[in-house]
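The values are calculated or read from the model by the stated rules, or taken from the named source; none is laboratory data. Every value quoted in this text rests on a predicted model; they were computed, and no experiment measured them. Neighbour counts are summed over all protein chains in view; Cβ atoms, including those assigned to glycine, are modelled from backbone coordinates with ideal geometry. Only protein heavy atoms, including side chains, enter the accessible area calculation; ligands, DNA and RNA are left aside. Shrake-Rupley method; radii C 1.70, N 1.55, O 1.52, S 1.80 Å.
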Amino acid sequence: MDIRALASGETDAVRDIRGRAFGPVSDELWRRRLPAVRPSFDTGRQFAGFEDGAVVATGAVHEMTQWWHGRAVSLGGVSGVAVAPEERGRGLGRRMVADLLERCAAFEHPLAMLYPATTPLYRSLGWEHAGAQHHVEIPTEALRTVAAERIPVRRPGPEDAAEVAAVIGRAHASALDCGPVGWTEARWRGALTGDDYVHLAGDGFLSYRWADGNGAMEVTRLVASSEATLRALWAIVGSGSSTAETVRACVPPMDPVLWMLGERTYETVHRSQWMLRVVDAPAAIAARGYPVGVTAGVPLRIDDPQRPANTGDWRLEIGDGEGRLERSAARADAVRLGPRGLAALYAGVPVPTLRRAGLMAGGDGGDAAGLAAAFAATPFSLDFF
């Protein structure tokens, strides 16, 4: 199989195979999707595997950032991994994913993220479950009672893509969020030509659509840096209570709106799991944010067969909200991690969980105690790709 980047005029080359893998794509849906995905074609980030001139596998690496404790880390968003049904069982999917991992390194992304269609394949190449996209159902009437003052809000268009990206980024940074992704300005220009209804405030952004025959609303993104703006944007959603009985909202598990509701008993939550891969360990550690006041100095032994540059003995130092990973002499008491354990630790999976899951060993002398506090996080995503 020969894998190469697709040119901007080859968008239809992946349509058939992805339709066979994930379900048919109508002409109208394909038309609506193209503005958002075309930047990845234009920048050589959509790939296909060819045999005898025919496409037998596909995959993409989207240019993103991912927020970790308020800092944006360069991220490769792996998506669209598909193999022609008649060619499955030959290892083509694994070859495509391994190639995409190397593409992430070539694009200088310290991290890679994906939503798995199957876990074993991605675990075999070093990815591990890290967080989820959370959807919660809220009665619209409960949102109607959220007290809010009026603030200036406008409807942005493609020309506002840079401002939209900046407003959303500032909201994630101020909240010290972990997990949500940031798109490029080109991607936002395409998204702002879509069918979602969008509202932009000075420090907040809202996008939503109607669902279930207009009997429900779906909030795809609502972020704000201040309480006043957060309340005002949710009040816009709640104003649809005369038409929509429920709101299905994509929110962090600790979103402030859940503490603004006047009545809250039980909730229906749907989770879509995503996986993380550390591509460049020193760069990923240096780019991430950490809680101020937490310090740690831990010897690590990493064994990463797919990314040999990560393999070896290291010294991890955390302090003053910064981290660094430096080569070190081997130590018998080092914390031992494979790529899956490293990804899960980076995402805030508790150290006792990692040990009992067999993803971490060693470090019994106490040096590992600071890892849990340094990497503590509740990762989430607001985007499915």
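A few remarks follow.
Here is a yes/no grid of residues against (1) more than 20 Å from the chain's Cα centre (by Cα); (2) surrounded by fewer than 21 Cβ atoms within 10 Å (Cβ to Cβ):
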| position | (1), (2) |
| --- | --- |
| A148 | yes, yes |
| R154 | yes, yes |
| E159 | yes, yes |
| G169 | no, yes |
| P180 | no, no |
| R189 | no, no |
| T193 | yes, yes |
| V198 | yes, yes |
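- Filtered residue count, region 200-242, keeping only those that are more than 25 Å from the chain's Cα centre (by Cα) and in a loop (DSSP other than H, G, I, E, B): 4
- Counting only helices (runs of 4 or more DSSP H) wholly contained in region 330-381, the ones carrying 2 or more residues that are open to solvent by less than 10 Å² (accessible area, probe 1.4 Å) and either farther than 30 Å from V219 by Cα or touching a strand residue (DSSP E or B) at 6+ places or on another chain (Cβ under 7 Å) (or both) occupy 339-346, 369-374.
- When every residue of region 97-106 is checked against the conditions, none turns out to be over 14 Å from the mean Cα position of the chain (by Cα), of a type in the set (V, I, T) and open to solvent by 10 Å² or more (accessible area, probe 1.4 Å).
- Restricting region 8-29 to residues that are outside any helix (DSSP H, G or I) and open to solvent by 50 Å² or more (accessible area, probe 1.4 Å), the residue that is nearest to R95 (Cα to Cα) is E10.
- Considering only residues in region 207-239 that are hydroxyl-bearing (S, T, Y) and crowded, with 18+ Cβ neighbours inside 10 Å, the one that is farthest from R150 (Cα to Cα) turns out to be T220.
- Which listed residue, of R4, R33, is in a strand (DSSP E or B) and among the basic types (K, R): R4
- Of the residues in region 45-62, at least one is open to solvent by less than 50 Å² (accessible area, probe 1.4 Å), in a strand (DSSP E or B) and hydroxyl-bearing (S, T, Y).
- Scanning region 66-96 for residues that are part of a helix (DSSP H, G or I) and either open to solvent by 40 Å² or more (accessible area, probe 1.4 Å) or modelled with pLDDT under 95 (or both) yields a count of 5.
- Exactly one residue out of H129, H134 is within 24 Å of H62 (Cα to Cα), in contact with a Phe, Trp or Tyr (Cβ under 7 Å, 6 or more places away or on another chain), open to solvent by 10 Å² or more (accessible area, probe 1.4 Å) and outside any helix (DSSP H, G or I): that is H134.
- Among the conditions (1) surrounded by 15 or more Cβ atoms within 10 Å (Cβ to Cβ); (2) in contact (Cβ under 8 Å) with a residue 40 or more places away in the chain, R33 misses just one, which is (2).
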